[in-house]
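Student: First, the structure itself, so that you have it in front of you.
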Amino acid sequence: MKLDLEKGISLKIEGELGKFQTLPVDSLIKIAESLQELILSIAKYDLPTDEAIDLNNFKLELSEFAKGSAIPSFVFSPRVQTVIGTDFQTQRHEVSEKLNNIFEVTNSGNYSQLATLYPEYFKRNEIVDSLYNFTSSFKNSPVSIYERGANFDSTEKFAVKKFKSSIKNNLIVSVKKIEDEKTEEQAFARITVTKKGAKTTNKIDEIISTSKHSLSYSPEVINVNNKQYILNFPLRCLFEKEEDYYVINNELIDIIGTGITQDDAEQNFNEEFDYLYSKLNSLEDTELNKRLLRVKNVLNSFVKEVL
C-alpha cells in the first residue's frame, strides 16, 4: 500500500481513546502536532540539499472526521507557497514516499530499522524523536493508518505498533556540549617499541591532544561485500566518538558510518561507500542533480580500480 498525503491519510483510533467515536481536544492536538512534526522532519532531512524548500508547503490540515471509532483525516495544505526553481509537488511526493517507509517500520514494530533508514545520527535523532512522539500520542489505543476514503474493513493499512522508550534511547545519539573548564584534557601518543635482547624500550614519537586535534580514518583500500576498492590516494575522514557510538564522517562525498564499536563504524562506512559508488555509477549523469553529480565525480576520482 502506498499513502499519498496529497490525497490524505486517515487514522483509525480504537480502544479507550476512540470508543465514543470522538477524541478529546487535547489528544487531537497532540496527535496532529506530532504527525506534523514528523512530516516536517522528513522534509528537512530527506529532500535534496541543493533544492530550495519552503516548509510551509508540508503543513497538514484536518480534512474530515469520520464515524466508526475515532477517525481523523489529514491532508497536505492547499495553501501553497511558490518557490522559484522548485517543484513543490515532486517534493511532496518524495516526503510521502519516505513516510511510507517509516510507516512500514511502525507496521512491523521493528523500530531498530530506523538505524538503517537513517544511518546519520544527526538525522536519525530528530526522526526517531518525532516518530516516538507520534506513536505515543495514542497512549495504548490500537491505531491503523489508511488512505483517506479507503474502506476501513480493508487489509490495506499500516498498524502503529508500540515504540518502546528503551529502543528509542538506543537509537538516539546523545550530543552534549563540553565545557572547557570542566573537561580534563586527554591525549593520544604514537609510540615506537624497540626490543634489544630481553630489554624493551618505548619511545614516544608524537603526542596528539584531543582538545586540539581530531583523529582521522584514512583508508587506501576499502574491503566490502566481497569487493576491494583500490584508491588513488587516502580517503581522509573525521573519526569521532559520540557517547556510545563511533562515527566516521567524510563531508566531501557525504558519507557517514556509525557503530557501537570502531569495527562496526568502519564496516558501516564501507557499506555506505559501496552502495553510493554502485548506485551513482549505475545512473547516467543526466539522471543526477548537481550535488549527486559532484559526489559521483569525486568518488570516481578516488577509485583506481575495483577487484
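What follows is calculated from the coordinates using simple rules that are stated; it is not laboratory data. The structure presented is a predicted model; accordingly, all values stated were derived computationally and were not measured. Cβ coordinates were reconstructed from backbone atoms using ideal geometry, including for glycine residues, and neighbour counts include every protein chain displayed.
Student: How big, on average over all directions, is the shadow cast by the Cα convex hull of region 1-104, in nm²?
Tutor: 6.9
Student: Around F152, which amide H atoms from residues at least 5 apart in sequence, or from another chain, sit under 5 Å from its own amide H, with H modelled in the peptide plane?
Tutor: HN-HN under 5 Å from F152: empty list.
Student: Once you have the alpha carbon radius of gyration of region 214-306, what is it after dividing by 2.2 N^0.38 Å, with N set to its residue count?
Tutor: On the way: Rg = 13.3 Å, N = 93, 2.2 N^0.38 = 12.3 Å.
Cα Rg divided by the expected 2.2 N^0.38 Å: 1.08.
Student: Let me check I've understood the local charge: for K2, count other residues with C-beta under 14 angstrom from its C-beta, Lys and Arg +1, Asp and Glu -1. What total comes out? Walk me through the numbers on the way to the answer.
Tutor: Details: positive: K7, R92, K98, R148, K157; negative: D4, E6, E94, E97, E104, E147, E156.
Local net charge: -2.
Student: Between F20 and T116, with labels modelled 7 Å along Cα→Cβ, what's the label distance in nm to one decimal, could you check?
Tutor: 4.3
Student: Out of residues 5 or more away from V224 or on other chains, whose amide H comes under 5 Å of its own, with H placed 1.01 Å from N in the peptide plane?
Tutor: Those lying under 5 Å, H to H, from V224 are Y229.
Student: Hey, rough spin-label estimate for I84 and K44, points 7 angstrom out along Cα→Cβ, what's it come to in nanometres?
Tutor: Computed distance between label sites I84 and K44 equals 2.7 nm.
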